Structures are given as structure tokens and as C-alpha cells.
There are 2 protein chains.
Amino acid sequence: MRYLFLLFIALSLTAQAQEFKTTSPDGSIQLSVSLSANGNISYRVNYKTKAVILPSSLGMKLKEPQVNLDQFKLINVDSSTYDQTWNTVWGEYSSIRDHHKELRLQLQDKNSSGILMNIVFRVFNEGVGFRYEFPQQGKLAHFIVDDENTQFHLTGDHKTFWIPGDYDSNEYPYNETKLSQVDAFPASDAAVAISVRRPFNKNAVQTPLMMKSNDGLYINIHEAALSNYPAMDLVIDKKTFTLSSSLVPDAVGNKAYLAAPATTPWRTIIVSDKATDIIAANRMILNLNEPSKVANTSFIKPQKFVGVWWEMHVGLSSWDYSGGQVGSQQATKVPHGANTANVKRYIDFAAKNGIDGVLVEGWNTGWEDWFGKWKEDVFDFVTPYPDYDINELTKYAASKGVKIICHHETSGSATNYERQMDTAYRFMLNHGMNSVKTGYVGRIIPRGEHHDGQWMVRHYVRVAEKTAGYGIMVDMHEPVRPTGLQRTYPNWMACEAARGNEFNAWSVGNPPFHETLLPFTRLMGGPMDYTPGIFEIKMSHYNPEKKEQVHTTLTKQLALYVTMYSPLQMAADLPENYEAHMDAFQFIKDVAVDWDDTRVLQAEPGDYLIMSRKAKNSPDWFLGAITDEQARNFIQPLSFLDANKKYVAKIYHDAPNADWQKNPMAYVIDSFIVDSKTSVKLNLAPGGGTAISFIPATDAQVKSIKKYK
Amino acid sequence: MRYLFLLFIALSLTAQAQEFKTTSPDGSIQLSVSLSANGNISYRVNYKTKAVILPSSLGMKLKEPQVNLDQFKLINVDSSTYDQTWNTVWGEYSSIRDHHKELRLQLQDKNSSGILMNIVFRVFNEGVGFRYEFPQQGKLAHFIVDDENTQFHLTGDHKTFWIPGDYDSNEYPYNETKLSQVDAFPASDAAVAISVRRPFNKNAVQTPLMMKSNDGLYINIHEAALSNYPAMDLVIDKKTFTLSSSLVPDAVGNKAYLAAPATTPWRTIIVSDKATDIIAANRMILNLNEPSKVANTSFIKPQKFVGVWWEMHVGLSSWDYSGGQVGSQQATKVPHGANTANVKRYIDFAAKNGIDGVLVEGWNTGWEDWFGKWKEDVFDFVTPYPDYDINELTKYAASKGVKIICHHETSGSATNYERQMDTAYRFMLNHGMNSVKTGYVGRIIPRGEHHDGQWMVRHYVRVAEKTAGYGIMVDMHEPVRPTGLQRTYPNWMACEAARGNEFNAWSVGNPPFHETLLPFTRLMGGPMDYTPGIFEIKMSHYNPEKKEQVHTTLTKQLALYVTMYSPLQMAADLPENYEAHMDAFQFIKDVAVDWDDTRVLQAEPGDYLIMSRKAKNSPDWFLGAITDEQARNFIQPLSFLDANKKYVAKIYHDAPNADWQKNPMAYVIDSFIVDSKTSVKLNLAPGGGTAISFIPATDAQVKSIKKYK
């Protein structure tokens, strides 16, 4: 329901500055929009008593027609309130309340073009979203966007957690500096393990941009509903601390091709004086996205999966048939991973342990020569390697009640993929598969386009739409960073779109603080296929010469199943490594992948994070606590539990001498009876974590298991 | 059969210039290739006693790896002779002899790269073809071509018939100047009726480039087998009269992406002291193409067709449903052409007159907003307008034994078309259609690519391959200029790829010399869907305010069915215009579209052309004679006729007072008995022509019809 009411505005005929204000429903956030005497539009945002965004200009520059939309006449202003709760298909919450006030300025170019443009603000208790809208009009049909001139004028030299602005990659490790210390080029240069990088400005950073001000505000800037537009990077003016929008260009330098009626994505500012509120406010991003366009969602099933995948990253087997393609450079040839017998081994493991899916990479021909040369015709998505008996495996998986998850690596050749999507998806369905992991390693074809430009943004949406049409779930690797489109396309289960666990296998990896940051950054836009669950942590296990390791303890890997949400959640390690630690693997078996509720309990970006979640349609709760390289101790009340229940809390925690570098695999598992009045002590080793399952206790358990104290 | 013999070469260890020579089988053409002391390669060509190409350098510049391939070591030279005759699927000849000598230089980069490259020459009696080959090798796999440095050093300031070098359009009127007078920019600027033009150098021209030297040689430069490379334009050095290759770049400025083994297209030089030989030598282009890759050619059927098409060009009806899209700008709305009743009218006319096909344009939704804005998602190729009852028309056409020819206008959005090709072709087959006319009006998407760049070259081939897979014939409009690929893909029946008859309906049009030139230029590469057969010549017939007209007499339009070969040949005018002249239309009914033999009888490029052809598997011959704006009289011996037969010659000729401007529709039809000893007088009006059918005479006819004298 939207309650519309017109504002009473002094619309004088003489040119006078005008100001329009609204607040969040709870009043904590105040938005003010100004139209200056000469027609410029600016906005500012306060949180409680503090300024968040100082007056910041707004506008668009068009190329065809060539019009600078920066001076406006006001046609109308209206305001409305919206309050409605919607049910998710899957997610961190079974339902989400969308409660906001909207301020809609209908504007017209003050100069000769006469183009109509609206700027629409929505103010939630969590923050502000705004976008540009071009209504249907006689003055404008098709148009080309030259630039969007959106500013975010910050109040000071905030601490920020950033990765370089880049047209092609978001797989960077995070940097923690002041805004004034951002330097994108050396940060990009250092990231040698990323196959395609394209930084463009030394002062540019990507969104979601997480910041903390000196006066204690947590601020997150991102965008929502990026479906037909390039991604927005932010360029920092280090004198004024103003962030300016910078759109990823296309092959000829244009930014976007639109036709009225058209809207930009929402630009989002989430703010709170509590870090925990930021993560919880990822619902604001979802609220700014369109409801589901997928009519029949019955095929969509959140699930866990294992896969013929990590073994390539650690160098035990190869993607290609000839045995040369592994995650890390190595001279010796290894067996081809996706062979029938090996895949059956994963299917057996999945079936035995209640894991729904088995991902198989390297099943199709082409991996001998698949990227790095901007080659267009790479994979055909229907031709298995000779040692991959797809008919046999289709039957075998079905007989075991396990689904094989298909893999479509495009190597960045989106044109090749688009030509073959229908054939590829039919092939999948004909072979019992209804989930696919896609990949875009390599430079994009159409050549000159970028991973984060409008053409590819539309490509990803096209893949989501087409897979939906076939009843297929999709998990995209190397796409643009997510912006909540999983609400609109709930078969678009997950993305990579950040630096995943795989980097730990063959590069400098992800420092321990990485996972404490991702929920404040990348995950604001949607689920990440981070591939947690690595139990065999040091690569020297596979090859004594290797120095790489996952920057974690074993139980931190378990905690990630709670802190790092994905409805397609991998148990990424090898079956034999799980079989060596079946007591710890029990948590992965137990943990849910779809939730009724989520609580962000304690958090500081880059330092630590404690979250709990209630499994969907179940009384079970799960808790994850992680820390950076520092050992940390917490007291965590369990007040989120049902006050009327006793639970068996199974606590998977770091052993007292555990340490991500020196002793990463030392863990202890304890069980206690707890209830909502219990507070548990969480003792996290350096780079460590704790995972807890809370299952309602039987009377017998209440008697036999000791009470937590 | 290829007879290989090694040359005896003085391969001395000291660096000395070396020269390798071969000739055409008849000795008339002499090729000499030189390797200089410093490793540069050049070639020269003589015809009989005259120089054609002075020493001209050869080489390639690669970008990835960055190597300048202009200095070579000779690894090996061999030479061979080839003589074989192959049968065409359709064409101007039922069989073609491929008789040539080959000189193959195996070269290696003299500098550090060590890259192996061959330059292969084939010398025919008609001319020379040569190409660069990159064999499979350890030194080179994928590579990017930065430039091809091929020169054609001419002997003087030849007369030339040229259109501007251009990345996107070949729909220019021809210019006849000296090489030194070429000026591409004003020529391009003047061609305002072309929707997408992209000239790039004031001295650049397109191939096929037709020239005539002061010493009486006719020289034609083109290329053959352009299937995975950009098209080549030629840039003129006006001081030395050297033409240099210029490749159409891609979106990022690269020229071609190749992987060894790879070959460039053949560069072709056709030369003779007789103009007629040039046209006949289009077989050399075919001989340089690969044999058919289409295994089952039974679905391929050369045919004539009418179509709902010219009526849009003349402004009687529209492509779009709302009635605004017509060939010429006009304010008033007109009915939608592709409506069920109207299409039935064409089907009836075709059925009644033995015409095989009916093209229907504007049948599918999207024409209201289809080009000019670089819009990607335009047509879907499966959604008819509401007044186009496709099921009814499918039945109706089948009941009349007529095939509807489908139309797929892409507006240049090749990515959109590629996504939908499978669906579109299945839809065609499901609705009884097995021929499609495609179109690429508008700027290309992928944006930054060009009509004539490698990406689109590969797209056209992809369309040919995919239609072949579905058993569909294809006729492409606005593609790159043809290079004989119809031999390899015989379902690729025709292309437009030049300035067609349509320009006469709504622009300054095509001057009368245009059709006398096209067989020397555009048609060297393959059949053109020129859409001849316009009987109602002045547009004032449709609208008294219109000044446009076809630059022709009526019988010249008939002669074009002989001089302008296409296996998909349109009778482009409206049924009612044919019904007003059924005596003249008889020639279009009679004329063949597939031939056993072709004779170029008399010709001078830009002035006149007389050709005769023998119908496939038939004793019938047809003759076409056309002139430019000058009236011309010829005596034409009929020695091509079977010496043992008498024929009824039905002569469709200009009336004595006919004139393309003042009296274009005045014609006379005479019938005579002739034989191979007869010579006929051909009296062509200004802008006129004569068409003759030769059908073996019955005894009764020999008695009743007067003998020619």
C-alpha cells in the first residue's frame, strides 16, 4: 500500500531556492533535497544528530541527444509512505518488511531540450535509496548516457574498506585505509593472481563501499537493481571527501543505451551507529528491487553441494583432459578430475551425507586452450570429455538421489555462450541437471565490453531469465557485483563476484579479516558462493613445496556457513578430508541453507562478526562467530532462542592452542543444554571461529547432557 | 590432382637476393617473387609483354605477439600444377575448371620470433591469387593481427571505377576517375541515402576494384574466401600508384584474431587485355574458395520470386503496422503491406505465373522503432503483426505450390539475431518456409564492430552454416562484399552488398552506367540480389510530386536477368504493373536462374555489356544487352547457339523513341527464327537494353515465323 500525499510547496514564480524534506519512518534519518535558484539539484542526509552526506549534486549528461541535465524546473513534488511485508522465495529471512517514505521530484530540463526527468528518493529506517527516472515523453525516446553526475559528499576522511575501482574484476583483497589514502593502481598491480584487471583511476573504488566515520557512524554506499545499466564505481575527491559516480563504459566509450520510460539503478546509502545494523540492512537493497518475475518457483531449491573442484585448485587433478590445467602453476601432469569414477566417488559421498548436489568442472571439452587469448569459440557446453560418461553418471546420480550441478565456463566469451544457451540448457535438462555454475574468466567478448558494463549486466540478467524459463538455478562466477536482483530472479541463487576461498589455494590468498568484511561489502548485494568448508588447510598437505594455506582455523570454516549466506552452499573440500573429520563435518550436514530469521549479534567490519540464524520451517538455530588475525573472546547471550525451549548446543570451537598459521586444524566439539537465558563464552583463536548448532533437546537429552555454565 | 615438383634453387649461405618465377598454365601471366638480401619479400606480375604489378612488398604485423613479419629466411620453395574440373551446385556454369600453378614459399621470421609463415601464390590464366598461411607450429598459437602489409604497385594512373573505402557500407554509386583523382570523403558525404557510412581515409577504395590502364589492360583487384578475417580496403598512394591493404578494425582497433594453423583470404589480381575476360574470370574467385561444406544440397533450389517489398519502397504501403515506415519520407500514413489479403494477392500472382517464391517484409513486429538508435533488442522473428495470419498464409501458399520467403531484418543487431537464430529457423520450417532474406541496416551491435570487420564476417558465415544445418537458403542484405563463399556454402544464394535497385525509388538513385559496372565489381565475388524487373519506372506514377525514377528503360530491366546473375532472382515490381505488360513479363517467366554456360560477348566497364547464357539442363539460351546513358548499336553474332538447331528468338527491345528519361516504357517485342550463323542487330536506347530468349523452334515455327535478317 502506498499512501500518497502532496506536499504543500511554495512554488513562487520568481526563481528562489526551494527545499524538500522527508525522514525515515522512525525519524532517525533525515533527507533534504534542494533546488537552487539556478535549477541545480542537491541532497543531503543526516542520521540522528549527525551529518552523513553534505549537500551533494545530482544530474545526468546525455550524449544522444546531447543534453546536460543539471538545471531543472520543478514540475511537481509528491511524497508517499509505503509499508508492506513480502515473503521471500528463499533467503536470510522468510519475510521482509518494506517500510519507507518516498519523495518524488518531477523535473524538467530548464534549458531547451525540455526533457522530463524524475529523481525519486526512498527513505528507510536503514538508509536512503534514490534513482533517476525518465518517464515516457514526447521529448525523449532512445538515448545514450554519457555520464551520471551523482555525488556523495562525505563529512570527513573516513576509514574505509575498499577494493580498486575496476571495469572487469571484483576479486581483490580489501584495503583498510582512510579515504585520503586510497591508491587504486598499486593495489591493482599487486593483485597479480586476478586474470583480467582493468583499474581506471587511482582514486576510484568499488561499491559496496564500507566506511566508518570518526564520529562513530557506519556508512555503506552501493546500488540496487542494476539490470540495464553499467555498474557504478566511486571516484574520491581527497580534498573534499566527495565521492562521484563513475560508470563503466562500453566498447565505444558510451555508458548506457536506454529508452524512455527508463530508470537508473537505485543509489543506496545505509547508515547506522551500530555496525550490526549495516549487515541487517541488506534487506533495504532487496526492498529496492522488483518482486519476482519468475512465476513458477517450485524448481528452486536451496541446497548444499560438494564438487570436483577443490582438487583442481590444490593441484591433485586437472580441468583439462591432458592434465595440465590446475589452480596453481605446476610442471607435472595430473589426472583429469572429471572422470566417471571420480565423479561417482563424490556422488557416493553426497548421497551418504545428505548433500544435495555434486558440481563437476572440467567435464566438457575445451579446457586445453580456454582463455588468455580473447578466443571467441571456446566451449560448446554439450561435449563431454571421453572419460566423462554422462549417460552413466546421469543414471547413477539419479539412482542415488543426487543432482549433478553443471558447469558452463564461458572464458568471458559471452557471445559464444549466448549462441549456445538454449542448446546447453536443454542438454542439462535431458541429463537430469537443473543447476548451473557459470564463469567469465577472461576478457569479455564482445571485445571492448567489460564484465561490469551495461552489455554484460544485461547478459547476466538474460542468463537469469533464460535459466528461469528452463527451470534451472544459476550461480554466476566473475559477474558484476550483485545488487539484490535475486529478489526479481530467485533462480539466480548466488554469485561469486568477489575474492573467494579459491585464492587461498594458489595465491597470497585472503587475509583472516577478509571474511569479517565480506558481509559488510560484497554480501550487501546478495549471496556469495564463497566455497567455505576447507578442513585440510595447508597446501603443503598436497605438496611439501607449497607455502599457500587457507587463512583460517578449521572451525572458522564451519562458522562461515552461518556468517556467509548462500542458498547454494558448497562443502568445498575433498571427500577424504571430510572423512578424516566426520565429527566436524556434522555441522555442515546439519546447518541450513534457507532461513526464517537472521540476527547480527556483534560485529565490527574487518575485526569480527557473530551472527545467528533460524532454519526455515524448523526450530533449529545456528550461530557463527569469526575473527580476524586476532584472538578474541566474547560473551554472547542466546536471547534469540525460543524462550520456551531447551536446546542442545553443539559447539565447534578452536582448541586452546589453535592458530590459523601455527595450528589451524585443532578443534574441540562440546555439547551443552542451553536456553534463551544462557550466555555462551566464545573464545576465538587468531584467524579462528566458532560454530554452534542449537537443536531443541529431547527430555532424555536434557537429563543426559550437561547444562552450559 | 596436384603435381608437385621441387624447384632447384640456389640456396647460398651468403645473403643474396633470390627470385622465384612461375607462369599461368597458358604462359600469358608471369609471376616473379623476390627475397631480398635483407629478407624482404616482394612480387610482381606481368601480362603478356606488359607489366601489371611492379615489385610490391608483402608482410604482416602482429600485435600479440608483437612481431613485424617483414624480414624472412627462406625455409623451402615448392611449386605444383593443379588441373581439375568441379561441378557447381548452381551458378553461371554447371562445371568449372580450376587450372593453375602454385608457388609456395615457406618462410621464417628472420628476427627473434622464429615464426613460420608461408606465402602461397596461385597463377591462373585469368590472374593471380596469393595469401598468407600460418602453419601449425610451436612458435605461434593464438595471435592478433595488427596489420597486413600487402601492396599492389600499379604501373600508372589508371582509370578506375571506385566506391569509397568504408567499414560499414558498400551501397555507394560508382565513381569513374583516374586513381590520382580518388577522393573518398566527398564521395561518401554525398551518399546521404546510405543509413550507416564509415569512410576512414580520403585515398581509400573498396574491392573489387576495377581499373583500366592507358596501355589497354583491364585489371581487377579483389579477395577470395573471406571467412575469418576483416575485409580489405585499398589505400592509394597517388605519387607511386601503389595500393596498400587496409583491414577493417574491430571495436578495440585490432584487425583479426587467428590461431595457427590459419590463412588469410586470397588477394586476387585478375588481368586481361579484353574486358569480357574480366567478368568471365569470376570463376577464379570461386576456384580459390573451398569446396562445398554443405553435405546435402537437395534443398537448394534456384528460383524467382516476387514480394511485398517494392510497394513499400514506392510508398504505397508500409513495413510497420502503424503505417509510417516507407522507403521515402512521406507525411501521410499508408496501409501495412504484409497483411493477409495482400500477401494472398502476391501468392496468386506467383502461382499463376510460375514464380516460385513470395518474399514478405514487414510481417513481424518491431518496425515502428527498428533502427537509428543502436537498439539491441529489436525483432524477435517469430511474432507476426496482427493482420498477418501466418497459419492461414502457410496453408494458402502450400495449396498454391508457392513458397513464402521469410524476412529477418536485424537492424544491425547481430547479437540479438544470434540469440534467436535457432528459434527463428525452426519457426520458418514449421511454417513451410525454407528461404530467408536477412538484413543489417543500422549500426552493428556488438557496438564498435563494423559490417566488414572480422566479427561480422564470421557472423555471416555462421548464418550460412546454421541455415544450411536447417536446410534453409539465405540471401543477405547489407553484409560484407562477397568473395566466392557461395561455393563453400551453396545455400548462401545471394547477397545485396552493393547499391541495389531500391535506391532508384527514393534517392538520387543509380545512374544508367551502374548496371554495366556491377558485373565488373560487386558481382566478381558472387550473385547479387539487385531486384531487377521494374516496369513502372517513374515514381510520379505513384505520387505526382515524386521526381525519382529507375534510371532505365523497361527492356533494360529484362536484360538484367541475364547480365546480373542471382540464383534467387526477384521480379521486383508490383503484380498490377506486370499485369499491365504481360507480353514483356513473359521474358521474366521464361528466363532461367541456373545455367549450364555463360558467355561474356561484348563489354566495356561503365559503358555496355552483352552476355548470353544457356539454361541449366535445357537447350534454351538467353541474351541480355545493356548500355549506359548513351544509345548504342551492336551487331552480335549468335555463334554460341547450337550449330545444329534453329531457335525462335524473341527479342524484347527498346522502341525507336525510347529513352530512360523521356520515354522509358516504350518497348517492342519481335520474334524471329535464328541459328548460330545469325548476327542480330542490337539497338539500345539511352539507358536502354535488349533481352532475347532463344528457344529451339518446332518445325511449325520454322515455317510460320520469319527468319531474322
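Just so you know, all these numbers are worked out from the coordinates, no wet-lab data involved. Because the structure is predicted, anything quoted here is derived from the model rather than measured. Neighbour counts run over all protein chains shown; Cβ positions are idealised from the backbone, glycine included.
Observations on the model:
- From least to most packed, judged by other beta carbons within 10 angstrom and beginning with the fewest, B:His222, B:His477, B:His451 follow the order B:His477, B:His451, B:His222.
- Average beta-carbon neighbours from other chains, 10 Å sphere, peptide B:415-422: 4
- Other copies of B:Val252: label-to-label distances in nm, shortest first, labels 7 Å along the beta-carbon direction: 1.8
- About the Cα centre, charge dipole magnitude for the protein assembly as shown (Lys/Arg +1, Asp/Glu -1 at Cβ), debye: 200
- Coil-residue trypsin sites (Lys or Arg not before Pro) of the range A:174-269, DSSP, other Cβ within 10 Å capped at 12: A:Lys239
- Among A:478-485, B:577-584, B:355-362, sorting by the average number of other beta carbon atoms lying within 10 angstrom of each residue, highest first, gives A:478-485, B:355-362, B:577-584.
- Each of A:Ser317, B:Ser540 was scored by other Cβ atoms within 10 Å of its Cβ. Arranged with the fewest first, they read B:Ser540, A:Ser317.
- Working note: Debye formula, equal point scatterers on the alpha-carbon atoms of chain A, no solvent; log10 I(q)/I(0) at q = 0.11 Å⁻¹ is -1.16.
- Using a cut-off of 18 Å between Cα atoms, the listed pairs A:Lys375/A:Lys466; B:Lys352/B:Lys589; A:Lys212/A:Lys681; A:Lys589/A:Lys616 include A:Lys375/A:Lys466; A:Lys212/A:Lys681 as exceeding that distance.
- Compactness relative to 2.2 N^0.38 Å, alpha carbon Rg of the range A:250-403: 1.46
- Relative contact order of chain B, defined on C-alpha pairs under 8 angstrom at six or more residues apart (%): 10
- All C-alpha to C-alpha distances of the range B:18-287, sorted into 5 Å bins beginning at zero, yield P(r) values of 1, 6, 12, 17, 18, 17, 14, 10, 4, 1, 0 percent in whole numbers.
- Mean per-residue shielding of peptide B:446-454 is 4, counting Cβ atoms of other chains within 10 Å of each Cβ.
- Comment: the Cα-to-Cβ extended label point of B:Gly432, at 7 Å, lies 4.4 nm from its counterparts in the other copies, nearest first.
- Proximal lysines to B:Lys538, defined as alpha-carbon separation beneath 17 angstrom and excluding residues fewer than eight positions away on the same chain: B:Lys546, B:Lys547, B:Lys556, B:Lys662
- Computed over the alpha-carbon atoms, the range B:303-497 gives an Rg to Rh ratio of 0.95, Rh here being the Kirkwood radius from the mean inverse distance.
- Within the range B:645-671, backbone nitrogen closer than 15 Å to the virtual label 7 Å beyond the Cα of B:Asp699 toward Cβ: B:646
- Likely footprinting exposure, A:Glu102, B:Glu409, A:Glu545, fewest C-beta neighbours within 10 Å first: A:Glu545, A:Glu102, B:Glu409
- Structure-based [θ]222 nm, chain B - -39500 (n - 2.57) summed over DSSP H runs of at least 4, per residue, nearest 500: -4500 deg cm²/dmol
- Nm distances between copies for A:Ala190, ranked from closest, using label points 7 Å along Cα→Cβ: 6.3
- Cα-only radius of gyration and Dmax that characterise the protein assembly as shown, units Å: 36.6, 125
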